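Participant: Submitted below is the structure of interest, expressed as structure tokens.
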Amino acid sequence: MNPIKEVKIIGAGASGLFAAYWIKKYRPEISVTVYEQSAIPGGLIGTIETPHGLAERAANGLIFTKQMEDLARQIGVGLLAPKATAKKRYFFWNSTPRRWPLDICETFYAFMKFVFNFSKRKPRTDETVWQWGLRLFGEKMTERVIGTALLGIYSGDPKVMSASLIFGRFFEPKVKNEKYRGTVSPSLGMGELIASLVIWLKKHGVDFKFGEPVTLPEWSRERPLIVCTSAYQASGLMGLGSSAGSEIAELSNLLKQVEVLPIVTATAYFEPGPDLSGFGCLFSRNQGVRALGVLFNSDIWDNRSQLRSETWIFGGAFDREITKAGDAEIVEMLLKDRTTLNKSPSAQPKHVEITRRDRAIPHYDLNLERILRNLPLSNLEKHGLFINGNYLGQIGLSRILERSEQLVQRMING
Ligand SMILES: Cc1cc2nc3c(=O)[nH]c(=O)nc-3n(C[C@H](O)[C@H](O)[C@H](O)COP(=O)(O)OP(=O)(O)OC[C@H]3O[C@@H](n4cnc5c(N)ncnc54)[C@H](O)[C@@H]3O)c2cc1C
């Protein structure tokens, strides 16, 4: 096989930037061009400077892995650990925020059920998170802890989410021994990670073409090519001009079926008051709250705001019309939920920064599990076409960084 001289990447979100980073780490002599349709890098990620402090448009924190630590050091970004005030995390259950939403008998029952079923804990093919939880822990733990956490983190419906996509990786031998090292964030927010990474990549010769959406047939002749967009964008790209019945057309057709859920985030700034303190709170369904969760930014990270900063997250599988709500309606929802959480009328915010995304997070459901089983990836990779993105197994940035490294290793090793 000819040595690779040049690689084209479509998309300058985290997946595209991480792929470019690993190419330059492993093979600095390879010429890399990144095409990004927007005028700025980052994709979903972005940090806005408001008059009262920073507001994140998507990711707020990173899992602190070895690869992320090395990347941050290389590009000169300091990673902050959460403040001591962030230790407490809450579940909202029965009108009250609780550190643990099960009583002692319910917890004992869930524990004993898990011990009894320990040998069968690995998720099965086509098993939902709900079925897996019921099988291992029983109903209360499944509804109040597992279902609530996954709705908050993945915005998905636990009754259709795939247990093997969410928990399967914990049964892989390499991951089993991995120690969880917590969550971190760049001191100036996620935007700092993106901006510093782009500077580092440019310094290492990566050419960026911003404001240049790639369309066929231009890109189809380029090899190797890494498509680092969301699933629906990749499907659109590949659907254009691919011959019917080809593997690219099959890939496009499968990616078109990935469901992507809407999310609205609203970061609000209040005068500090006697509000709940900690990392944040996740809301179970049917508890009289519309939000999926809230992060107490000013309790988590230093220097985010002089005021109390909270990010409220709405939308997901049970609230698909959320992006149609106007700003005033979203602020009203936030204040209503905030009043319910704190059990006292909410103060008025000084400022609210709202981000709407009709298609934000892939639904990690059984449909996605089936799609991922059927993707004809290895054949396409043999012909120099690679895909990378948050729909391929994990949505978190540190996991995307890991996957990007594996992809680049496969690409350069042929
Ligand atoms: C509200 C929210 C909160 C989150 N919180 C966290 C968190 O706390 N921690 C965490 O680790 N992760 C979090 N995530 C997940 C994480 O932010 C995403 O999984 C990740 O940013 C996805 O990056 P990506 O590059 O795969 O996709 P994207 O960010 O969607 O990037 C794709 C890029 O491709 C470009 N593109 C598309 N089509 C074309 C084309 N034809 N030509 C050129 N360019 C094109 C797009 O413009 C875009 O820039 C969160 C996500 C959301 C929505």
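Participant: Would it be correct to say that D365 is surrounded by 19 or more Cβ atoms within 10 Å (Cβ to Cβ), over 16 Å from T96 (Cα atoms) and acidic (D, E)?
Facilitator: Working: surrounded by 19 or more Cβ atoms within 10 Å (Cβ to Cβ): yes; over 16 Å from T96 (Cα atoms): yes; acidic (D, E): yes.
Yes.
Participant: Looking only at segment 338-381, count how many residues are outside any helix (DSSP H, G or I), over 30 Å from R308 (Cα atoms) and aliphatic (A, V, I, L, M).
Facilitator: 1
Participant: Moving on. Filtering segment 9-33 down to residues that are out of contact with any strand residue (DSSP E or B) (no Cβ under 8 Å at 6 or more places or on another chain) and more than 16 Å from the ligand (Cβ to nearest atom), which residue is farthest from Q409 (Cα to Cα)?
Facilitator: For segment 9-33, the residue satisfying everything is E29.
Participant: Sticking with this one: Yes or no: segment 384-398 includes at least one residue that is more than 9 Å from the ligand (Cβ to nearest atom), more than 30 Å from A325 (Cα to Cα) and assigned to a helix (DSSP H, G or I).
Facilitator: No, every residue in segment 384-398 fails to be more than 9 Å from the ligand (Cβ to nearest atom), more than 30 Å from A325 (Cα to Cα) and assigned to a helix (DSSP H, G or I).
Participant: Moving on. Of the residues D302, D327, D358, only one is in contact (Cβ under 8 Å) with a residue 60 or more places away in the chain, surrounded by fewer than 19 Cβ atoms within 10 Å (Cβ to Cβ) and closer than 30 Å to T229 by Cα; which?
Facilitator: Only one candidate passes the filter, namely D358.
Participant: Look at E6 and say whether it is within 30 Å of K382 (Cβ to Cβ), away from the ligand (no atom under 16 Å from the Cβ) and not aliphatic (A, V, I, L, M).
Facilitator: Yes; evaluated as a whole, the condition is true for this residue.
Participant: Okay, next question. Condition first: away from the ligand (no atom under 16 Å from the Cβ), closer than 24 Å to G152 by Cβ and touching a helix residue (DSSP H, G or I) at 6+ places or on another chain (Cβ under 6 Å). Can you find one or more residues in segment 62-78 that meet it?
Facilitator: There is no residue in segment 62-78 that is away from the ligand (no atom under 16 Å from the Cβ), closer than 24 Å to G152 by Cβ and touching a helix residue (DSSP H, G or I) at 6+ places or on another chain (Cβ under 6 Å).
Participant: Under the condition of being aliphatic (A, V, I, L, M) and surrounded by fewer than 23 Cβ atoms within 10 Å (Cβ to Cβ), which residue from segment 34-49 is farthest from the ligand (Cβ to nearest atom)?
Facilitator: Among residues in segment 34-49 that are aliphatic (A, V, I, L, M) and surrounded by fewer than 23 Cβ atoms within 10 Å (Cβ to Cβ), the one farthest from the ligand (Cβ to nearest atom) is I48.
Participant: Here's a follow-up. Restricting the first residue to segment 186-201 and requiring it to be on the phi > 0 side of the Ramachandran plot, which pairs with a second residue that is open to solvent by 20 Å² or more (accessible area, probe 1.4 Å) meet a Cβ separation below 7 Å and a spacing of at least six or different chains?
Facilitator: From residues that are on the phi > 0 side of the Ramachandran plot, the pairs are G189/T47; G189/L54.
Participant: Can you tell me which residues in segment 129-175 are of a type in the set (S, T, Y) and touching a Pro at 6+ places or on another chain (Cβ under 7 Å)?
Facilitator: At the first step, the residues of segment 129-175 found to be of a type in the set (S, T, Y) are 142, 148, 154-155, 162, 164.
Residue satisfying the conditions is S164 alone.
Participant: Something else: Could you tell me how many of the residues in segment 86-127 are among the small types (G, A, S) and open to solvent by 100 Å² or more (accessible area, probe 1.4 Å)?
Facilitator: Count: 1.
Participant: Exactly one condition in (1) surrounded by fewer than 21 Cβ atoms within 10 Å (Cβ to Cβ); (2) in contact (Cβ under 8 Å) with a residue 24 or more places away in the chain is not met by Q406; state its number.
Facilitator: Against the list (1) surrounded by fewer than 21 Cβ atoms within 10 Å (Cβ to Cβ); (2) in contact (Cβ under 8 Å) with a residue 24 or more places away in the chain, Q406 comes up short only on (2).
Participant: Shifting gears a bit: Looking at the structure I just gave you, is Y26 open to solvent by 60 Å² or more (accessible area, probe 1.4 Å), among the hydroxyl-bearing types (S, T, Y) and at pLDDT 95 or above?
Facilitator: yes
Participant: Would you pick out the residues in segment 154-213 that are under 15 Å from P41 (Cα atoms) and part of a loop (DSSP other than H, G, I, E, B)?
Facilitator: Hits for segment 154-213 are G189, V206, G211, E212, P213.
Participant: Failed condition for L102, given (1) hydrophobic (A, V, I, L, M, F, W, C); (2) within 26 Å of V184 (Cα to Cα); (3) not in a helix (DSSP H, G or I), with all others met?
Facilitator: Every condition holds for L102 apart from (2).
Participant: Quick check, is V214 in contact with a helix residue (DSSP H, G or I) (Cβ under 6 Å, 6 or more places away or on another chain) and within 12 Å of the ligand (Cβ to nearest atom)?
Facilitator: Considered against the rule, which asks whether it is in contact with a helix residue (DSSP H, G or I) (Cβ under 6 Å, 6 or more places away or on another chain) and within 12 Å of the ligand (Cβ to nearest atom), V214 comes out as no.
Participant: Identify, from the list E402, E381, E369, E329, the residue that is within 24 Å of the chain's Cα centre (by Cα), acidic (D, E) and away from the ligand (no atom under 12 Å from the Cβ).
Facilitator: When all the criteria are applied, what remains is E369.
Participant: Another question about this same structure. Go through P158, P186 for me and flag whichever is closer than 23 Å to L392 by Cβ and either crowded, with 17+ Cβ neighbours inside 10 Å or within 14 Å of the ligand (Cβ to nearest atom) (or both).
Facilitator: P158
Participant: Exactly one of (1) basic (K, R); (2) outside the structural domain of V227 (by TED's automatic domain parsing); (3) more than 24 Å from G280 (Cα to Cα) is unmet by K24. Its number?
Facilitator: (2)
Participant: Going by what's in this entry, would I9 be described as of a type in the set (A, V, I, L, M, F, W, C), farther than 20 Å from G189 by Cα, touching a Gly at 6+ places or on another chain (Cβ under 7 Å) and open to solvent by less than 40 Å² (accessible area, probe 1.4 Å)? Steps first, answer last, please.
Facilitator: On the way: of a type in the set (A, V, I, L, M, F, W, C): yes; farther than 20 Å from G189 by Cα: yes; touching a Gly at 6+ places or on another chain (Cβ under 7 Å): yes; open to solvent by less than 40 Å² (accessible area, probe 1.4 Å): yes.
Spelling it out, I9 is indeed of a type in the set (A, V, I, L, M, F, W, C), farther than 20 Å from G189 by Cα, touching a Gly at 6+ places or on another chain (Cβ under 7 Å) and open to solvent by less than 40 Å² (accessible area, probe 1.4 Å).
The values are calculated or read from the model by the stated rules, or taken from the named source; none is laboratory data. Small disclaimer: the values here were computed from a predicted structure and weren't measured. Cβ: placed from backbone, ideal geometry, glycine included. Neighbour counts: every protein chain shown. We work out accessible area using only protein heavy atoms, side chains counted, and drop any ligands, DNA or RNA first. Shrake-Rupley method; radii C 1.70, N 1.55, O 1.52, S 1.80 Å.
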